[in-house]
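The values are calculated or read from the model by the stated rules, or taken from the named source; none is laboratory data. Because the structure is predicted, anything quoted here is derived from the model rather than measured. Here the Cβ positions follow ideal geometry from the backbone for every residue, glycine too, while neighbour counts run over all protein chains shown.
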Amino acid sequence: MSVKVDPKLMKDLEHFGLKDVNKCFQCGNCTAICPLSTPENSFPRRFMRYLQLGLTDKILKSPEPWLCYYCGDCSTQCPREAEPGEAMMVLRRYLTSRYDWTGFSRKFYTSERFEIVAVAIVGILVGLALWLFRGSNPNMEHAALNSVWPAPAIEIADLVMAAILTFFLLSNTYRCAKFIMGDLLYRIPPAIYIKKAWELVVHFATQKRFGECTDKMQWFVHLLIMTGYSTVFLLVAVFLAGGLHVIGLYWDQLAFQRDVEYAIWHPIRLLGYYATAALLYGTTYAIIGRLKKSKAPYKNSHGTDWMFLILLELTTLTGIFIHFARIVDLPMTTYVLYVVHLMVAVPMLVLEVPFAKWAHLAFRPVVVFLTQVKEEYFKEQKMLA
Ligand code: SF4
Ligand code: SF4
């Protein structure tokens, strides 16, 4: 079987943050130390080789870049400082761009200018829309957001946004599955997918493989950000309850974005508290870690890492500020903060979820699930033979 070599691969991947792969002399320490590498799915040494040789097709078909959670153990142990953990991260960025059929993801990852301009344009459009569609008779006596932006209008906008980004995310996730499974995707009987479906839920909700790494704090922080963010996303996309408001702790208009106050024990209110606390702690921890370069996963930061963390932190903080502005009943301050809040929250959702950093929320559990489906299929085939 012929193997296609792409001599430009390493050069191309430099735009995604690749640095020191040629330092690797294939000693294998990284694979030996990696707590998640197995004989069936061995990494990261093998991928350092694929990168050095330019084996694009092999990389595209491999699930392993998604089985790495970037704990950084391999980078710490590498005698050549070849940063294998970062190389796996770069591969995930590259693969995200290859799964994306629109080409937007590639531009987002390879040009900081494009990334900043895209976020700015979406933010400005959101600000303009809120200005154009504001109510003619806002309540200036008391802070009442629905007097400026009626709840049904915001709900419809939420739904449209959720539908668009879900479409892009799902179509890209399908391409991810197709690359990794090839024809097996259709040949494997549905019964095996159903049998293993629970694994998809478990890996999405708990990131339990990350918990097998030595640095449990990394897993905990990742879990906080993931669950905080997913809570918001699910509320927008599934419960139609105005997830953007959940971050903002607008308790009196949470469910379906009405100006109605819900009890402290109301599930949506509790979810909002959890999402805010988890996001604030997790995001601040990651920002400080990256500023201090405190551990291997925080040593190298791509522009998209910073963009995501900054948007998430700003979204959370402006939400908290709105909460306090409402408590002290400052109508104009509340309305202005609300606009700023959506100007950062919407670009984060519509750009990061389907095309950038947070697409891995979908890709990783799906790949873990498909890997197990494949193993089960081959096990059954062996028994039948
Ligand atoms: S990345 Fe480092 S530890 Fe891994 S094989 Fe290469 S030189 Fe060895
Ligand atoms: S970063 Fe951690 S999980 Fe990823 S390859 Fe290195 S040791 Fe394994």
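For region 261-288, a residue qualifies if it is of a type in the set (S, T, Y) and more than 16 Å from the chain's Cα centre (by Cα), and the qualifying residues are Y262, Y273, Y274, T276, Y281, T284, Y285. Looking only at residues in region 1-34 that are over 24 Å from T96 (Cα atoms) and in a loop (DSSP other than H, G, I, E, B), the one that is modelled with the lowest pLDDT is M1. Could you tell me whether region 138-145 includes any residue that is surrounded by 12 or more Cβ atoms within 10 Å (Cβ to Cβ) and in a helix (DSSP H, G or I)? Yes, region 138-145 contains a residue that is surrounded by 12 or more Cβ atoms within 10 Å (Cβ to Cβ) and in a helix (DSSP H, G or I). What residue, among those in region 83-120 that are among the β-branched types (V, I, T) and buried (at least 16 other Cβ atoms within 10 Å of the Cβ), is nearest to ligand 1 (Cβ to nearest atom)? Restricting to residues being among the β-branched types (V, I, T) and buried (at least 16 other Cβ atoms within 10 Å of the Cβ), the top hit is V90.
Of all the criteria given as (1) outside any helix (DSSP H, G or I); (2) under 25 Å from K208 (Cα atoms); (3) within 11 Å of ligand 1 (Cβ to nearest atom), the one not satisfied by T76 is (1). Could we say that L132 is surrounded by fewer than 20 Cβ atoms within 10 Å (Cβ to Cβ), over 20 Å from N300 (Cα atoms), modelled with pLDDT under 95 and more than 16 Å from ligand 2 (Cβ to nearest atom) here? When the stated conditions are applied, L132 passes them. Among residues of region 37-57 being buried (at least 19 other Cβ atoms within 10 Å of the Cβ) and over 22 Å from Y99 (Cα atoms), the one that is farthest from ligand 2 (Cβ to nearest atom) is R45. Against the condition assigned to a helix (DSSP H, G or I) and farther than 20 Å from C34 by Cβ, how does I59 come out, does it pass? No, not satisfied. If I ask for residues that are more than 20 Å from the chain's Cα centre (by Cα) and buried (at least 22 other Cβ atoms within 10 Å of the Cβ), which ones from region 338-364 would you list? Residue satisfying the conditions is Y338 alone. Under the condition of being more than 10 Å from ligand 2 (Cβ to nearest atom) and polar (S, T, N, Q), which residue from region 18-33 is farthest from C213 (Cα to Cα)? The residue in question is N22. Check every one of the helices (runs of 4 or more DSSP H) wholly within region 302-385 and list those with 3 or more residues that are within 22 Å of A162 (Cα to Cα) and without any contact (Cβ under 8 Å) to a residue 40 or more places away in the chain. Ranges flagged: 303-327.
Yes/no matrix, rows are residues, columns are (1) surrounded by fewer than 23 Cβ atoms within 10 Å (Cβ to Cβ); (2) within 15 Å of ligand 2 (Cβ to nearest atom); (3) among the hydroxyl-bearing types (S, T, Y); (4) under 16 Å from I180 (Cβ atoms):
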{"residue": "M10", "(1), (2), (3), (4)": "yes, no, no, no"}
{"residue": "F16", "(1), (2), (3), (4)": "yes, no, no, no"}
{"residue": "P35", "(1), (2), (3), (4)": "yes, yes, no, no"}
{"residue": "L67", "(1), (2), (3), (4)": "yes, yes, no, yes"}
{"residue": "E81", "(1), (2), (3), (4)": "yes, yes, no, no"}
